[in-house]
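Since every read-out is calculated from the coordinates, none of them should be taken as a lab result. None of the values given here were measured: they were computed from a predicted structure. FYI the Cβ positions are ideal-geometry reconstructions off the backbone, even for glycines, and counts take in every protein chain you see.
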Amino acid sequence: MSDSNNVLGVGSRVKHQAYGEGVVIGLDVAAYKVCFMTYGIKMVGKEYDNWEVIEAIETEADISFSEAEKSLIRILNTYNGLHNKVELGDRWAGGTLILKPEDDDLKEKEMPIETFFHKIVMVRDRIRVMEQRINSSKLSDEEKVNLQQYITRIYGSLTSFNILFKYKEDHFKGEGKA
């Protein structure tokens, strides 16, 4: 619960009962402009007090857009709301993935490697979000560790696709490769 007498500043982190975690990105006379990780940008009345204030940032009358932008980028990077661009390896650019069945009577499937790569990156990003949600959940530590072990094994299974990534820091890492 927040104290309605305290005004939250840009960059404050909150947890709304319906929208989940979010960040205050703007202030209006009667409402906060909040960017929620799952639901996007919503206006929430300043009198609303049924949310948890995770991190309160004091308001500054003369805050500049660049300061607010830097704060928001830092918060979104920390909580994986903003993804860095992941690049396909140069040798694969413009290439085609061909899946050819053993049976010559069946048609092969072709797709641009960029499309396939994009889907793999989306899987990785969704696994990361799932990992964060598990870590911030009310599960017991033992349950979190068990689920984390499954996630680590999933990453390990996906290491075959590392050949597609341009930069090594974007690779999937399984057990023993932290």
Let me check I've understood the local charge: for Val7, count other residues with C-beta under 9 angstrom from its C-beta, Lys and Arg +1, Asp and Glu -1. What total comes out? 0
If R0 = 41 Å, then Glu58 and Thr159, at their Cβ-Cβ distance, give a FRET efficiency to the nearest 0.05 of 0.35
Give me the net charge of Lys109's neighbourhood, meaning all other residues with Cβ under 15 Å from the Cβ of Lys109; Lys, Arg count +1, Asp, Glu -1. -3
Once label points are set 7 Å from the Cα along Cα→Cβ at both Asp28 and Asp49, what is their separation, rounded to one decimal in nm? 2.2
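Quick one: in the stretch 90-170, what % of C-alpha pairs are over 22 Å apart? Intermediate results must be reported in sequence, preceding the final value.
Values: 1447 of 3240 pairs.
That fraction is 45 percent.
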